[in-house]
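Have a look at the structure below before the remarks.
The values are calculated or read from the model by the stated rules, or taken from the named source; none is laboratory data. What you are looking at is a predicted structure, and each value in this text was computed from that prediction instead of being measured. We place every Cβ from the backbone using ideal geometry, glycine too, and count neighbours over all the protein chains shown. The protein model used for the area step is the full one, side chains on, heavy atoms only, and it has no ligands, DNA or RNA in it. Shrake-Rupley method; radii C 1.70, N 1.55, O 1.52, S 1.80 Å.
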Amino acid sequence: WQRSTRVPLLIAGPGINRGRCETPVELLDIFPTLIDVCQLPARSELEGQSLLPQLRDSLAPRSAPAVCSHGPGNHLVRRNSWSYIRYADGAEELYDLAQDPHEWTNLAHLAEHAGVKA
């Protein structure tokens with residue numbers, strides 16, 4: 001999941017700071033971002049969220065995690081350094097990418113990480 005969901009996203013323009021943002025985002029965020037940058041009326045039916053806060057400050061927090069789906073019932077949720085995967089059959093994977101960037105140690109079964117999963 002980690003290798004296949006990483007897509008370079010470069011945005012430049014007036015009011016956008018130079019720098020690199022490490023916060024996981026979704027491609028669904030591009031259209032809401034363009035609407036925000038162009039100061040057009042917001043559209044409530046869009047699933048993504050504007051990246052303008054991160055474009056102004058690469059350390060700005062994101063209000064929602066990034067989600068990626070592959071087929072029915074298989075979902076990845078990324079927030080900061082955590083990666084959580086839930087499969088259609090109920091299997092789970094949880095990785096602390098700051099400590100385990102290669103996703104070798106599945107932490108999903110450990111009670112101490114129930115809050116992260118939730």
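Taking residue 24, is it surrounded by 10 or more Cβ atoms within 10 Å (Cβ to Cβ), of a type outside the set (Asp, Glu), in contact (Cβ under 8 Å) with a residue 40 or more places away in the chain and touching a Lys or Arg at 6+ places or on another chain (Cβ under 9 Å)?
Criteria met by residue 24.
For a quick check of your reading of the model, give me the residue pairs whose first member lies in the range 95-118 and is farther than 10 Å from residue 82 by Cα and touching a residue at least 40 places away in the same chain (Cβ under 8 Å), whose second is open to solvent by less than 40 Å² (accessible area, probe 1.4 Å) and outside any loop (DSSP other than H, G, I, E, B), with beta-carbon atoms closer than 8 Å and at least 6 apart or on different chains.
Final answer for the pair search is 103/83; 103/95.
Can you go through 68, 38 and tell me which one is in contact (Cβ under 8 Å) with a residue 12 or more places away in the chain, hydrophobic (A, V, I, L, M, F, W, C) and open to solvent by 40 Å² or more (accessible area, probe 1.4 Å)?
Selected residue: 68, the only one of 68, 38 that is in contact (Cβ under 8 Å) with a residue 12 or more places away in the chain, hydrophobic (A, V, I, L, M, F, W, C) and open to solvent by 40 Å² or more (accessible area, probe 1.4 Å).
Considering only the range 8-18, I want to know if a residue exists there that is open to solvent by less than 60 Å² (accessible area, probe 1.4 Å), in a loop (DSSP other than H, G, I, E, B) and in contact with a Ser or Thr (Cβ under 6 Å, 6 or more places away or on another chain).
No, the range 8-18 contains no residue that is open to solvent by less than 60 Å² (accessible area, probe 1.4 Å), in a loop (DSSP other than H, G, I, E, B) and in contact with a Ser or Thr (Cβ under 6 Å, 6 or more places away or on another chain).
From (1) open to solvent by less than 60 Å² (accessible area, probe 1.4 Å); (2) under 19 Å from residue 2 (Cα atoms); (3) of a type in the set (Ser, Thr, Tyr); (4) modelled with pLDDT under 95, pick out the condition that doesn't hold for residue 33.
Here residue 33 clears every test but (2).
State yes or no: is residue 76 under 15 Å from the mean Cα position of the chain (by Cα), over 24 Å from residue 111 (Cβ atoms) and buried (at least 17 other Cβ atoms within 10 Å of the Cβ)?
It is false that residue 76 is under 15 Å from the mean Cα position of the chain (by Cα), over 24 Å from residue 111 (Cβ atoms) and buried (at least 17 other Cβ atoms within 10 Å of the Cβ).
Need pairs with beta-carbon distance below 7 Å; first residue farther than 16 Å from residue 38 by Cα and within the range 5-20, second open to solvent by 100 Å² or more (accessible area, probe 1.4 Å) and of a type in the set (Gly, Ala, Ser); sequence gap 6+ or separate chains.
none
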